[in-house]
Amino acid sequence: MAATEGEWEPAAAGPRRFGAALRRLRAAQKTAKGVSLYSRYVNRPVGRVFAAGAYRIKLTPNQVTLVSAAFSYGGIAALAACAPSWGLAAGVYAALVVGFALDSADGQLARLLGKGGPAGEWLDHVVDAAKITGVHAAVLITFYRHFALPGDAWLLLPLGFQLAAVVIFCGGLLKDKLTPKDPAAPAAAPARWRAVALLPVDYGVFCAVFLLLGSQTAFRWAYLVLFGVHALFLAGFLGKWFRELRAVR
């Protein structure tokens with residue numbers, strides 16, 4: 001994300017060294033509260049490496065956001081255009097996962113440079129919204145064009161998944177924006193059980209379903225299971241977020 005959080009000194013002008021940038025990024029990470037184990041131990045560390053590399057070659061945070069979009073949208077386009085195969089499965093997964101890590105890198109680079117702002121955050125969220133809607137639209141296209149479905153009702157599955165994913169994304173984003181922030185309050189300690197429980201609705205874990213794209217049956221049922229989990233989490237999230245916002249004065 002392109003928004004900054006916390007207070008720390010931006011990197012000083014001078015030679016842009018990869019190792020120094022990586023050390024500074026390790027020392028200034030966002031809170032792990034509400035973050036799954038995948039994002040905490042895989043996506044953020046990989047994004048940190050990408051952010052340090054982008055700093056070294058003098059990319060801006062917005063440029064990193066656009067590179068992230070290129071990887072994600074490239075994977076989505078390949079999913080929609082190509083016949084399913086194990087090779088396509090590996091390619092789509094790699095493109096989506098790299099795009100997700102770069103989505104973490106843009107915000108980390110903004111923190112390193114001290115250049116986070118509303119325009120960068122807006123661009124980041126627009127790219128995310130298009131990615132979330134696009135990936136399920138691509139699944140619908142590949143279902144229609146390439147899968148031997150047992151019935152037409154399966155074509156409703158990507159539409160339902162798309163709805164659940166978009167509402168979780170927008171609802172969580174609005175909840176965060178509407179909740180008053182106290183800069184002086186200490187960050188809450190992350191709960192390990194919550195980090196484990198959130199794994200099924202982490203985008204990085206969702207990307208792994210595309211590794212099954214070489215088998216129509218395995219992919220269909222894994223995608224269905226993930227949809228069911230997202231639907232359950234959506235119901236829980238909406239109730240929780242509404243109660244918390246209702247208590248805001």
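Structural remarks
- Rounded percent of accessible protein surface that carbon and sulfur make up, segment 127-243, 1.4 Å probe: 73
- Added length on full extension, which subtracts the Cα-Cα distance from 0.36 nm per residue, THR133 to ALA119: 2.9 nm
- Using alpha-carbon coordinates, inclination of helix 156-178 to the longest axis of the chain, degrees: 20
- Applying the criteria of a DSSP loop state and at most 14 other Cβ atoms within 10 Å to the trypsin sites (Lys or Arg not before Pro) of segment 102-138 yields no site.
- The solvent-accessible area of ASP152, taken with every protein chain present and a 1.4 Å probe, is close to 130 Å².
- When restricted to Cα atoms, segment 16-162 yields an Rg and a Dmax of 17.4, 57 Å, respectively.
- For segment 147-152, putting each phi into the Karplus relation 6.51 cos²θ - 1.76 cosθ + 1.60 with θ = phi - 60° gives couplings of 8, 8, 6, x, x, 5 Hz, in residue order, rounded to whole numbers and with x for Gly and Pro.
- Taking each DSSP H run with n ≥ 4 as -39500 (n - 2.57) and averaging over every residue of the chain yields -22500 deg cm²/dmol at 222 nm.
- Dipole magnitude (debye, nearest 20) for the chain, charges at Cβ of Lys, Arg, Asp, Glu: 720
- Pairs spanning more than 23 Å between alpha-carbon atoms, out of LYS58/LYS177; LYS131/LYS181; LYS58/LYS115; LYS131/LYS240: LYS58/LYS177; LYS131/LYS181; LYS131/LYS240.
- Per residue accessible area in Å² of the chain, where ligands, DNA and RNA are left out and the probe is 1.4 Å: 51
- The stretch between LEU155 and LEU238, if pulled fully straight at 0.36 nm per residue, gains 27.3 nm over its current Cα-Cα span.
- About the Cα centre, charge dipole magnitude for segment 131-216 (Lys/Arg +1, Asp/Glu -1 at Cβ), debye: 180
The values are calculated or read from the model by the stated rules, or taken from the named source; none is laboratory data. As the structure is a prediction and not an experimental result, all values here were calculated from the model. Neighbour counts run over all protein chains shown; Cβ positions are idealised from the backbone, glycine included. Accessible surface areas use protein heavy atoms only, side chains included; no ligands, DNA or RNA. Shrake-Rupley method; radii C 1.70, N 1.55, O 1.52, S 1.80 Å.
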